[in-house]
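As structure tokens, the structure follows; a few thoughts come after it.
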Amino acid sequence: LAKTTQPISMDSYEGQEVNITCSHNNIATNDYITWYQQFPSQGPRFIIQGYKTKVTNEVASLFIPADRKSSTLSLPRVSLSDTAVYYCLVGEGPGSGNTGKLIFGQGTTLQVKP
Amino acid sequence: GAGVSQSPSNKVTEKGKDVELRCDPISGHTALYWYRQSLGQGLEFLIYFQGNSAPDKSGLPSDRFSAERTGGSVSTLTIQRTQQEDSAVYLCASSPRPGGGLSGGARYEQYFGPGTRLTVT
């Protein structure tokens, strides 16, 4: 059974770097890993996406090891406004092709404190 | 430009009644997704449309759930004979390109609507 897991919650302080790891041991061979941010009463919002190695944009970095069975979202210098739930999203396998369902992790609630 | 819109924003219904939830995707977006988010839970994938076709309907929770998309645009999620366990926020998302496969994959950024909060009493 496909399993995508993340820590349920994390606490941090303003200005710190936050790293959230998602395990996705059944990711489809040719699918990507995408991370979303969700605020209360809103739909999720795209943060970053990658296939392998490292991707960086203006808000985050994404680290993906060679086996692609996990990924780590890195938020540099978080602020209070980064308090939200963060989800990883992958397409599950098996094997080659993205023939399975989309699987969201259960979400990591990040609480940034002043 | 206009984002993904969903209607109604809130729906309260009695157990056993049918409900229809509507999604208006971003104009020109080929792919459309439906998810369910129960209180305090993550997102559960329900169904994906590539154009007007849904390659796989097995993500729908039961045969009381159905979905359609017409004209490559508006989509409707219908729940028949609603049950209390159907209470959740139903989210719709669209994407400019279909990712292929049965679920569209995570390849292309999805733009989410605000959701419809369904309460079954």
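The values are calculated or read from the model by the stated rules, or taken from the named source; none is laboratory data. Keep in mind the model is a prediction, meaning the values are calculated, not measured. Quick reminder, even Gly has a Cβ in these numbers, built from the backbone with ideal geometry, and neighbours come from all protein chains shown. Accessible surface is based on the protein model in full, side chains and every heavy atom, while ligands, DNA and RNA are left aside. Shrake-Rupley method; radii C 1.70, N 1.55, O 1.52, S 1.80 Å.
How many residues does the stretch A:19-37 hold that are without any contact (Cβ under 8 Å) to a residue 60 or more places away in the chain and either among the β-branched types (Val, Ile, Thr) or open to solvent by 80 Å² or more (accessible area, probe 1.4 Å) (or both)? Final tally of qualifying residues: 4. Look at (1) in a loop (DSSP other than H, G, I, E, B); (2) of a type outside the set (A, V, I, L, M); (3) touching a strand residue (DSSP E or B) at 6+ places or on another chain (Cβ under 9 Å) and you find that B:Arg81 fails only one, number (3). Across the stretch A:60-90, the number of residues qualifying as in a strand (DSSP E or B) and touching a residue at least 12 places away in the same chain (Cβ under 8 Å) comes to 16. Among the residues of the stretch B:52-65, just one is under 11 Å from B:Trp34 (Cβ atoms) and more than 13 Å from chain A (Cβ to nearest Cβ), namely B:Phe65. Taking every residue in the stretch B:1-24 that is over 15 Å from B:Ala88 (Cβ atoms) and pairing it with any residue that is among the hydrophobic types (A, V, I, L, M, F, W, C) and open to solvent by 50 Å² or more (accessible area, probe 1.4 Å), at least 6 positions away or on another chain, the pairs with Cβ-Cβ distances below 9 Å are B:Asp24/B:Ala2.
Applying the set (1) over 15 Å from B:Leu43 (Cα atoms); (2) of a type in the set (Ser, Thr, Tyr); (3) part of a strand (DSSP E or B) to A:Thr34 leaves exactly one unmet item: (1). Based on what the data block shows, is A:Phe104 open to solvent by 60 Å² or more (accessible area, probe 1.4 Å) and of a type in the set (Phe, Trp, Tyr)? Criteria not met by A:Phe104. Residues of the stretch B:101-117 that are assigned to a strand (DSSP E or B) and facing chain A (nearest Cβ under 7 Å): B:Phe112 alone.
Test B:Arg64 against the criterion of being more than 19 Å from A:Tyr87 (Cα to Cα) and of a type in the set (Lys, Arg), and give yes or no. Considered against the rule, which asks whether it is more than 19 Å from A:Tyr87 (Cα to Cα) and of a type in the set (Lys, Arg), B:Arg64 comes out as yes.
Of all the criteria given as (1) buried (at least 21 other Cβ atoms within 10 Å of the Cβ); (2) modelled with pLDDT of 95 or more; (3) more than 9 Å from chain A (Cβ to nearest Cβ), the one not satisfied by B:Ser87 is (1).
Yes or no, residue by residue, for (1) modelled with pLDDT of 95 or more; (2) under 23 Å from B:Lys57 (Cα atoms):
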site: A:Ile27; (1), (2): no, yes
site: A:Thr53; (1), (2): no, no
site: A:Ala60; (1), (2): yes, no
site: A:Leu75; (1), (2): yes, no
site: A:Val78; (1), (2): yes, no
site: A:Leu89; (1), (2): no, yes
site: A:Glu92; (1), (2): no, yes
site: A:Gly100; (1), (2): no, yes
site: A:Gln111; (1), (2): yes, no
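In the stretch A:38-70, of all residues being open to solvent by less than 30 Å² (accessible area, probe 1.4 Å) and within 11 Å of another protein chain (Cβ to nearest Cβ), the one that is nearest to B:Gly113 (Cα to Cα) corresponds to A:Gly43. When residues in the stretch B:39-90 are screened for being under 23 Å from B:Ile26 (Cα atoms) and touching a helix residue (DSSP H, G or I) at 6+ places or on another chain (Cβ under 8 Å), 0 of them pass.
Looking only at the stretch A:2-18, filter to residues that are assigned to a loop (DSSP other than H, G, I, E, B) and within 12 Å of A:Tyr86 (Cβ to Cβ); which one of those is most open to solvent (accessible area, probe 1.4 Å)? Going through the qualifying residues, I end up with A:Ile8. Within the stretch B:30-51, does at least one residue satisfy the condition of being more than 14 Å from chain A (Cβ to nearest Cβ), in a loop (DSSP other than H, G, I, E, B) and exposed (fewer than 14 other Cβ atoms within 10 Å of the Cβ)? Looking for residues that are more than 14 Å from chain A (Cβ to nearest Cβ), in a loop (DSSP other than H, G, I, E, B) and exposed (fewer than 14 other Cβ atoms within 10 Å of the Cβ), one finds at least one in the stretch B:30-51, hence yes.
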